[in-house]
1. Suppose we filter region 112-131 for residues that are among the small types (Gly, Ala, Ser) and either farther than 18 Å from GLY146 by Cα or touching a Gly at 6+ places or on another chain (Cβ under 7 Å) (or both); how many remain?
2. Could you tell me which of the residues THR147, THR214, THR236, THR196 is touching a helix residue (DSSP H, G or I) at 6+ places or on another chain (Cβ under 6 Å) and at negative phi?
3. Which of the residues that make up region 183-241 are basic (Lys, Arg) and over 25 Å from GLN154 (Cα atoms)?
4. Give the residues of region 218-243 that are in a loop (DSSP other than H, G, I, E, B) and closer than 22 Å to LEU163 by Cβ, sorted by residue number.
5. Condition test on VAL48, is it out of contact with any Asp or Glu (no Cβ under 8 Å at 6 or more places or on another chain), hydrophobic (A, V, I, L, M, F, W, C) and buried (at least 16 other Cβ atoms within 10 Å of the Cβ)?
6. Using beta carbons and a limit of 6 Å, which pairs, at least six apart or on different chains, have the first residue in region 256-271 and farther than 17 Å from TYR39 by Cα and of a type in the set (A, V, I, L, M) and the second one modelled with pLDDT of 95 or more and part of a helix (DSSP H, G or I)?
7. Can you give me the number of residues within region 134-162 that are within 24 Å of SER79 (Cα to Cα) and within 20 Å of the chain's Cα centre (by Cα)?
8. Pull up region 20-57, narrow it to residues that are part of a helix (DSSP H, G or I) and at pLDDT below 95, then point me to the one that is nearest to PRO74 (Cα to Cα).
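The values are calculated or read from the model by the stated rules, or taken from the named source; none is laboratory data. Here the structure is a predicted model, which means the values were calculated and not measured. Methodologically, a virtual Cβ is constructed for each residue, glycine included, from the backbone with ideal geometry; neighbour enumeration extends over all protein chains shown.
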Amino acid sequence: MTAFPAHVVVREVGLRDGLQSIQKVLPTPQKIEWIRDAYAAGQREIEVGSFVPARLLPQLADTAELVAFAKTLPGLLVSVLVPNLKGAEKAIESGADLMLIPLSASHAHSLANLRKTPDDVIAEVARMRAARDAAGSKILIEGGIGTAFGCTIQGKVEESEILRCMQRLLDAGADRVSIADTVGYANPAAVHDLFTKARALAGEKFWCGHFHDTRGLALANVYAALQAGVPRFDATLAGIGGCPHAPGASGNASSEDLAYMLADMGLDTGIDIEALLELRKKVAGWLEGESLHGALWQAGVPKTFARSGQTVAA
């Protein structure tokens, strides 16, 4: 039988990856309430925003304020996304615990999304590492390799290119690396194969899997990654999010569905499923009219689901 990780982390990225795909700008007090309730439900890693120009993504203009609040919650690892050195400098100043730098293994997607080649991004990571060290900061640097299973613009992305980028990110000073199925092209067999090779290359520095549910395979892909020993996954409440270069994309893996699947498999996540569903209901009200996803909120938790070692009575 496959030995899964004893503890699995569901990193909530809805406040960044989810909200940046939605036109509505959620007020800062509601975002703070989201962070507070997610923390109360047991989530201990949250990506609260991104340091990008407010004119480009007004949805994320309050990231520094959200970092400041999130850092008041004991034991919460607070992460942000940064696209360049200027964003990294703001992340360092904010006191966030981790900054994620997105890199598209697809050259075509990288140019369309960031106007940089993958190697340009790697060079920027080296500059970010130098800036971090010069500031005496302890913020972790995570290089996130996207379009790892294919690209709507370029098509096939060679596995060798993904592993090359991963090694070069580590050489440039990244503390962590992760892999994302940005446009929803992955399947479980491909995930298991690539993630096994990534783990062999990066060891414990291989940090996280990020799956979009474009073709309904996000949770199946998580299962395959678990079999490869990966202990951490990005997800968004209500499955919000997407990619502008993935037409028809439904969004990310749903946090509540993922947390439920892991718990029902007997894996420890530290998450209170009912509390997470209550938070989903609240966020759904805030985002009324937006496309939301997921299945657990409709069907509910089954009577056979074990809570604290007890089976629910019929």
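1. Our first condition is that a residue be among the small types (Gly, Ala, Ser); within region 112-131, this holds for 112, 123, 126, 130-131.
If we keep only those that are either farther than 18 Å from GLY146 by Cα or touching a Gly at 6+ places or on another chain (Cβ under 7 Å) (or both) as well, we get 126, 130-131.
Number of matching residues: 3.
2. Values: THR147 fails: at negative phi; THR214 fails: touching a helix residue (DSSP H, G or I) at 6+ places or on another chain (Cβ under 6 Å); THR196 fails: touching a helix residue (DSSP H, G or I) at 6+ places or on another chain (Cβ under 6 Å).
Exactly one of THR147, THR214, THR236, THR196 is touching a helix residue (DSSP H, G or I) at 6+ places or on another chain (Cβ under 6 Å) and at negative phi, namely THR236.
3. Start the filter on region 183-241 by keeping residues that are basic (Lys, Arg), which leaves 197, 199, 205, 215, 232.
Within region 183-241, ARG199, LYS205, ARG232 meet the criteria.
4. Of the residues in region 218-243, the ones in a loop (DSSP other than H, G, I, E, B) are 228-231, 240-243.
Selection gives ALA228, GLY229, VAL230, PRO231.
5. On the way: out of contact with any Asp or Glu (no Cβ under 8 Å at 6 or more places or on another chain): yes; hydrophobic (A, V, I, L, M, F, W, C): yes; buried (at least 16 other Cβ atoms within 10 Å of the Cβ): yes.
When the stated conditions are applied, VAL48 passes them.
6. MET261/LEU219
7. Initially, region 134-162 is screened for residues within 24 Å of SER79 (Cα to Cα), giving 134-148, 162.
Now drop any that are not within 20 Å of the chain's Cα centre (by Cα), which leaves 139-148, 162.
Residues in region 134-162 being within 24 Å of SER79 (Cα to Cα) and within 20 Å of the chain's Cα centre (by Cα): 11 in total.
8. Restricting attention to region 20-57, the residues satisfying the condition of being part of a helix (DSSP H, G or I) are 20-21, 28-40.
Going one step further and asking which of them are at pLDDT below 95, we end up with 20-21.
Values: GLN20: 27, SER21: 29 Å.
Filtering first and then ranking leaves GLN20.
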